[in-house]
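Asks: Sharing a structure here in structure tokens format.
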Amino acid sequence: MRAEGPTREGSMAEQQGKLQLDRSQVKKAVLALQAFLKTKASTECLLLNESQHISLMFTLWKIPKKEQTIRIPLPHGIRTENGEVCLFTRDEPNMTPDQTERFFKKLLTERGVKNITEVMPFKVLKTEYKAFEAKRRLLGNFDLFLSDARIRRHLPSHIGKHFYESKKAPLSIDLLSKNLGRDMDRLIQGTTVTVGKKGPCCMARVAHSGMTPDEIVENVTAAVATIISKLNMVEKDKIIKLIHLKSQTSVALPIYSSDLSNLTQVEELRNKKPNKKKPKKRKAPAESSDANVKEGSQEEKTTKEGNDASAEEEIPQLVPIQTPSKKAKLQAPTKKGLKTAAKPLVGKGKKQTKGGPRQAKRPVKASPQKPKRKAPKRS
């Protein structure tokens, strides 16, 4: 069950600068994959209605710098009739959850949408599916989740991380769109691929084992063309290194392999990318203002330098004080020194004026009182 390598047609298409798959090579891989799945189903005695997913695995030359999610419309739907779809809607004002559910079901029937199995208002999700076990049960009951674009940003904190780990994150859709039926069919019957920045590989589900070989080939070619056209990279045609086709239990069968020279072209394009940006032209007044600012800054620098120089000149030289080894002898003051000595400062508790220290007032001596003469006693 070994698939052959890329043919000359694929290499010629690659040399022209466009990635085109060889349909004969894709069909050989599809037939080999279906034969393997039939033999395994007969040995394990699987149910007749059970079908396995068939996916495309892309390997890139370089790891992308940004994460991107690409929606891929397919010519043949990959959802089985038994697949269940849940739609999260917003809470309509002045309506109960039951009234909101009936309102949106009526809207979907008017627009011709028949693939939605359950409509769930946001209030019901918050109240009834608050527990961890309830969220896990909700995740297992449905194959696909859709959400109103108006409440899409509120869902991550309420549905939990298991929706994102199992790649069942709700896809947003505008319920007010005029072409709601067409957009809903594209989402339900189409697929998505997430080109992440954590590694060079990504995978997209494009078919199931119950489809015919021609339908699988058409889905594979449509998916590859859509991914190349919607990649947010400069090297769209050269960035893809390998493309494999596989199921859940089979090995990966190669259907495309790029040339090694594409790696050098990818590096050259990435190096040329920053040079393509044209420098912005500056306006004349802006340049004059910049020049004035520069001149002002130069003048400030010169003034600062002058101030620094003057400050350096004004700073006196400091002589280190040496501690004397012996106590200095006190010299007797001379008469001239006594005459020229400044008056001592005022002691504590005495006020000092602007002109100098205020002289302390002399205490006024109390005048001695004369003793009073006693009046003579009358006899």
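Here is a yes/no grid of residues against (1) closer than 28 Å to LEU56 by Cα; (2) part of a helix (DSSP H, G or I); (3) not hydrophobic (A, V, I, L, M, F, W, C):
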| position | (1), (2), (3) |
| --- | --- |
| LEU138 | yes, yes, no |
| HIS158 | no, yes, yes |
| TYR164 | yes, yes, yes |
| ARG186 | yes, yes, yes |
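Asks: On the basis of being under 25 Å from the mean Cα position of the chain (by Cα) and open to solvent by 10 Å² or more (accessible area, probe 1.4 Å), does LYS241 make the cut?
Replies: Values: under 25 Å from the mean Cα position of the chain (by Cα): no; open to solvent by 10 Å² or more (accessible area, probe 1.4 Å): yes.
Criteria not met by LYS241.
Asks: Let me ask another. Pairs, please: C-beta under 9 Å, at least 6 apart or cross-chain, first residue assigned to a helix (DSSP H, G or I) and in the range 102-116, second open to solvent by 100 Å² or more (accessible area, probe 1.4 Å) and modelled with pLDDT under 90?
Replies: Listed pairs, sorted by first residue: LEU108/LYS114.
Asks: Identify, from the list LEU138, LEU187, LEU146, the residue that is within 26 Å of ILE78 (Cα to Cα), modelled with pLDDT of 90 or more and in contact with a Pro (Cβ under 9 Å, 6 or more places away or on another chain). Reasoning before the result, please.
Replies: Numbers: LEU138 fails: in contact with a Pro (Cβ under 9 Å, 6 or more places away or on another chain); LEU187 fails: modelled with pLDDT of 90 or more.
The unique qualifying residue is LEU146.
Asks: In the list LEU146, LEU107, LEU176, LEU139, which residue meets the criterion of being hydrophobic (A, V, I, L, M, F, W, C) and in contact with a strand residue (DSSP E or B) (Cβ under 8 Å, 6 or more places away or on another chain)?
Replies: Details: LEU107 fails: in contact with a strand residue (DSSP E or B) (Cβ under 8 Å, 6 or more places away or on another chain); LEU176 fails: in contact with a strand residue (DSSP E or B) (Cβ under 8 Å, 6 or more places away or on another chain); LEU139 fails: in contact with a strand residue (DSSP E or B) (Cβ under 8 Å, 6 or more places away or on another chain).
Residue meeting the stated conditions: LEU146.
Asks: Okay, next question. I need every pair where a residue in the range 184-204 that is open to solvent by less than 10 Å² (accessible area, probe 1.4 Å) has its Cβ under 7 Å from the Cβ of a residue that is among the basic types (Lys, Arg), sequence separation at least 6 or different chains.
Replies: So the pair list comes out as ILE188/ARG79; GLY190/ARG71.
Asks: Separate question: Would you pick out the residues in the range 210-235 that are in contact with a Lys or Arg (Cβ under 9 Å, 6 or more places away or on another chain) and part of a loop (DSSP other than H, G, I, E, B)?
Replies: ASN232, MET233, VAL234, GLU235
Asks: Considering only residues that are modelled with pLDDT under 85 and open to solvent by less than 40 Å² (accessible area, probe 1.4 Å), look in the range 52-66 and name the one that is farthest from VAL251 (Cα to Cα).
Replies: PRO64
Asks: Name the single residue, out of those in the range 206-224 being modelled with pLDDT of 90 or more and open to solvent by 20 Å² or more (accessible area, probe 1.4 Å), that is nearest to the chain's Cα centre (by Cα).
Replies: Across the range 206-224, the extreme among qualifying residues is ALA222.
Asks: Is it the case that THR69 is open to solvent by less than 80 Å² (accessible area, probe 1.4 Å) and either of a type in the set (S, T, N, Q) or at pLDDT 90 or above (or both)? Let's see the steps before the verdict.
Replies: Numbers: open to solvent by less than 80 Å² (accessible area, probe 1.4 Å): no; either of a type in the set (S, T, N, Q) or at pLDDT 90 or above (or both): yes.
Taking the combined requirement at face value, the residue does not satisfy it.
The values are calculated or read from the model by the stated rules, or taken from the named source; none is laboratory data. Only a predicted model underlies this, so the values are computations on that prediction, with no experimental measurement involved. Reconstructed Cβ throughout: ideal geometry from the backbone, glycine too, with neighbour counts over all protein chains shown. SASA here: full protein model, heavy atoms, side chains in, ligands and nucleic acids out. Shrake-Rupley method; radii C 1.70, N 1.55, O 1.52, S 1.80 Å.
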